[in-house]
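Have a look at the structure below before the remarks.
Bear in mind that the values in this text are calculations on the coordinates, not laboratory data. Since this is a predicted model, take the numbers as computed values, not measurements. Here Cβ is always computed from backbone atoms with ideal geometry, including for glycine, and neighbour counts include all displayed protein chains.
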Amino acid sequence: MSNPYLEQWTSKEMLKELEEGILNAPQDLLGCHIFKEEDVQIFTAYRPCAKRMWVLDSKGETTYEMEPMEPEGFFGYVIEKKSERLKKYRFRVEYGPDDVIEIDDPYAFPGMFGELDRYLFSEGNHYKIYEKLGAHPMKRDGVEGVQFAVWAPHACSVSVIGEFNMWDARLHKMIMRGSSGIFELFVPGAWEGAAYKYEITAKSGDKLYKTDPYGNYAELRPGNASRITSLDGYKWQDGSYQKKHQKKSRDVRDKEPMSIYEVHLASWKKRIEDDDNGNFSYCELASMLGDYVVDMGYTHIELMGIAEYPFDGSWGYQVGCYYAPTSRYGEPKDFMYFVDEMHKRGIQVILDWVPAHFPKDAHCLGRFDGQPLYEHPDSRRGEHPDWGTYIFDYGRMEVKNFLVANALFWIEKFHIDGLRVDAVASMLYLDYGKNDGEWLPNKDGGNEHYEAIHFLQHLNSEVEKEHPGAYIIAEESTAWPGVTAPVADGGLGFSYKWNMGWMNDFLEYMKLDPYFRKDHQGQLCFSIDYYTSEKYILVLSHDEVVHGKCSLLNKMSGLEGDKFASLRAAFGFMYGHPGKKLLFMGQEFAQKREWAEFRSLDWFLLEEDDRHKKMQDYVRELNHLYQKYDALYYHDFDVMGFEWMDCWRPELSTVAFVRRGSSVKDQLMFIANFTPMALEDYQVNAPCAGTFTEILNSDEERFGGEGRVNKKPIQAKPCKAPVVPRPGEKIEPGKKYYELELYVPPLSVVVLRYDYKAECFSNCIFY
């Protein structure tokens, strides 16, 4: 080494760490520095395979050839005169006679992850952390490039590698900021669309190659690198929609219709069958799906598998990149367009969100920096033995920050209206899916997961505070109390809860031969005993039509004609039952086969058999009826919204009830017959005097039935006692009771509208 200043500046230890790839403070060695003791300007650079290097002034007019040093590829230069010092500089690199490039020095740019950022992140309260961590294209000091930042506190060193540096980890060693575990670096010349990863040197010496936990775009599988992208620049067209919805209180939302169409985009319709990549794009699906949803009368869509995931067969429930829309259907801004188009049509968009667990794929979050980081370090808390996945460490502030910020990210950056949180029960219970000895009790010896509970409460509180119009929906399958109760009252704070109990009971009832249903009336009616205990969504989801469970149509009892009739009756009962609604795609036209993620729905059935087209017409009519009459949604969660008229004759396998809307005079009456026998002169309690008109009958010919309908209005007649007294009911002498008499077809639902007249309504009976 000919220059003594360079010899003094460098150390054998740092040079060795540089050569071995474990230098975690490259800024202390590389770049431009003032050697204070000697007051000289020192330039150092590391470009393996370079033959020669020069320091250039910002205009490229003044050049200084750098001295080659050990290890190979390390160069240095000293400017001793203050008058000659460079304020801005670049490097010229010669790899061969015809291979000369000019580059900006990544170590010439100060860090952007400030002290306040590090503090908020460590406290778990940096809800814009996705604007700091990850890869962000920008211009700094006139130089185009990408700012990279990643959290890897156990790493010895981190390099960003990618198409912009030939995947050479030696070129862009990242700088660790304090003790935060944050590594960052601005890489001049890195471009949007380029693939990249982080090479992490673990304390064990192992080299790990990880996708960016905060990356916004990923390679199409089977590739697993992240891609540089900017989420800025999309011109949203949903301003009026946002203004209408984003500030709505929960009380207002609760009194609005909510009919959800659950969709798996790849298998709704495919461009090319039997081709993993034969999917329509976000942009193509926007109009196709949007128009269909509007036509069918749904108010919301719920999308499965949008956050990037490695394995198609997981349906998106084993997420690899939480901050990236899957590239299966296009780029992130294409997904923005998709959401925008839904909003133009008045359709609200809900995403499935999976904070319960994540996969063990080597490129994902697991053992991210060589040690447990995002997952709990104790396998009894940190792994799902049945699912083969890791469980988040909900007690670690940075992990909690990652998840809460992610929920807000989808709402803020992609204008998502709500999130359905998958597998909440697995988060609440420490022993979920585990045998004795496989789980670790809480500090009080119980199975409640305190950290997960606090995380969910915190999540729901933050979302409600920042975006009061957004939904957070719990898929929670147990009787955990207060899932939708306010956090201030000790609840979890969710907007709604999937009613899994109703779904299981109801489907088991519909599977029964009608002869045996009389012994199972409780399965049909039990849900009414608890419908006000939570804010429920009634669901017939994808989970019920896979893995040998058969399609919804084939769950119905009887021959094929009876199956169609039973399914119409089932849907009719569901739409009359209190609670918001969700149907999985394909159920609306009675898909025969089980759903499979690798093929389209069987749309050809609509052409081959008009019963499927008529079922589609029926569901469309139910949805439009649902939106037209607020009796079907206004009082979904309180006792004003529902009243039994008949559920006490199990031998008939028939029920009747009234739904009431914003005004108690707004009444619809549902009669459901779950037997293959017609009720010729069915007598049932009426809520009041007056006229009732049939507005829907599942046996109408246009829906695939036999056309056995009640064409004339039905008059409620006075009687001395209820047709069917309620259990324990005392008959009051002189009190006016009323009854209806009508025809109820086999395996059908009949819906009657009360024709309000003030003089009749004054005689209403409220039990």
What's the tally of Lys pairs in the stretch 572-690 whose alpha-carbon atoms lie under 16 angstrom apart, where the two lysines are 8 or more places apart or on different chains? 5
Residues L552, L740, sorted so that the one with the fewest Cβ neighbours within 10 Å comes first: L740, L552
Quick calc: nm separation of the 7 Å Cα→Cβ label points for R52 and R708 -> 9.8
Over the stretch 4-108, calculate the relative contact order: mean separation of alpha carbon pairs under 8 Å at least 6 apart, over the residue count, as a percent. 25
Residues whose placed amide H lies under 5 Å from that of E383, excluding near-sequence neighbours: I391
Just to verify a number: FRET efficiency for F604 and A479, C-beta to C-beta distance, R0 = 41 Å, to 0.05? 0.45
Shape of the stretch 4-108 from its Cα gyration tensor (a ≥ b ≥ c, root eigenvalues): rounded if a/c is under 1.5, otherwise prolate when a/b > b/c, or oblate? oblate
What aspartates and glutamates sit close enough to K16 to cross-link, taking a C-alpha to C-alpha distance under 20 Å and skipping anything fewer than 8 places away on the same chain? E7, D28, E67, E70, E72, D168, E199, D206
Taking r as the C-beta separation of C550 and K613 and R0 as 30 Å, the FRET efficiency to the nearest 0.05 is 0.90
Name the aspartates and glutamates eligible as straight-distance cross-link partners of K36: C-alpha to C-alpha under 13 Å, and not fewer than 8 places from it in the same chain. E80
Taking the Cβ of Y64 as the centre, find all other residues whose Cβ is under 11 Å away and add up their charges (Lys, Arg: +1; Asp, Glu: -1). -3
Percent relative contact order for the stretch 20-59, counting Cα pairs under 8 Å at least six residues apart, stands at 27
Here the net charge surrounding S662, from other residues whose Cβ is less than 14 Å away from its Cβ (Lys, Arg +1; Asp, Glu -1), is -2
Determine ³J(HN,Hα), in whole Hz, for all residues of the stretch 205-218 in sequence, where each value follows from phi through the Karplus function 6.51 cos²θ - 1.76 cosθ + 1.60 and θ = phi - 60°; x replaces Gly and Pro. x, 5, 9, 10, 10, 10, 6, 7, x, 10, x, 9, 7, 9
Between I101 and A488, how high is the FRET efficiency from 1/(1 + (r/R0)^6) when r is the Cβ-Cβ distance and R₀ = 35 Å? Nearest 0.05. 0.05
Cα Rg over Rh - the stretch 635-761, Kirkwood: 0.96
Can you tell me which of 469-477, 624-632, 262-270 comes out highest on packing, and rank the rest after it, using the mean Cβ neighbours within 10 Å? 469-477, 262-270, 624-632
Can you give the calculated 222 nm mean residue ellipticity of the chain, where each DSSP H run of n ≥ 4 adds -39,500 (n - 2.57) and the sum is split over every residue, rounded to the nearest 500 deg cm²/dmol? -6500 deg cm²/dmol
Please work out the Cα center distance from the stretch 684-708 to the stretch 501-524, rounded to the nearest Å. 23
Cut-off under 5 Å, modelled amide H: who pairs with A194 long-range: I228
Separation in nanometres of the label points that stand 7 Å from Cα toward Cβ, at D386 and E123: 4.0
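Starting from 0.36 nm per residue, how many nanometres of slack lie between K465 and S179 once their C-alpha separation is accounted for?
On the way: separation 286, 0.36 × 286 = 102.96 nm, distance 3.14 nm.
Full extension of this stretch gives 99.8 nm more.
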Compute the relative contact order of the chain as a whole-number percentage, counting only Cα pairs closer than 8 Å that sit 6 or more residues apart in sequence. 9
Tally the DSSP beta bridges in the stretch 525-665 and give the antiparallel ones as a percent, rounded to 5. 50
Amide H contacts under 5 Å for R420, placed H, 5+ residues apart: L351, D352, W353, I473
Is the stretch 115-227 best put as rounded, prolate or oblate by its Cα gyration tensor, with a ≥ b ≥ c the root eigenvalues, rounded for a/c under 1.5, and otherwise prolate when a/b is larger than b/c, oblate when not? rounded
Using P(r) over Cα pairs in 10 Å bins from 0, in percent as the read-out, say which of (1) 2, 6, 10, 11, 10, 9, 8, 7, 6, 6, 5, 5, 4, 3, 3, 2, 2, 1, 1, 1, 0, 0, 0; (2) 2, 13, 20, 20, 16, 11, 8, 5, 3, 2, 1, 0; (3) 2, 11, 17, 18, 15, 11, 9, 7, 5, 3, 1, 0 was calculated from these coordinates. (2)
For the pair E144 and E741, the simple spin-label estimate (label points 7 Å beyond Cα toward Cβ) gives in nm 8.4
In terms of Cα to Cα distance under 15 Å, which aspartates and glutamates are near enough to K511, apart from those fewer than 8 places away along the same chain? D519, E544, E560, D562
Taking the 0 to 90 degree range and rounding to the nearest ten, how far is the long axis of helix 560-576 tilted relative to the main principal axis of the chain, both from C-alpha atoms? 80
Potential lengthening between R271 and I22 on full extension [0.36 nm per residue; Cα-Cα distance subtracted]: 84.9 nm
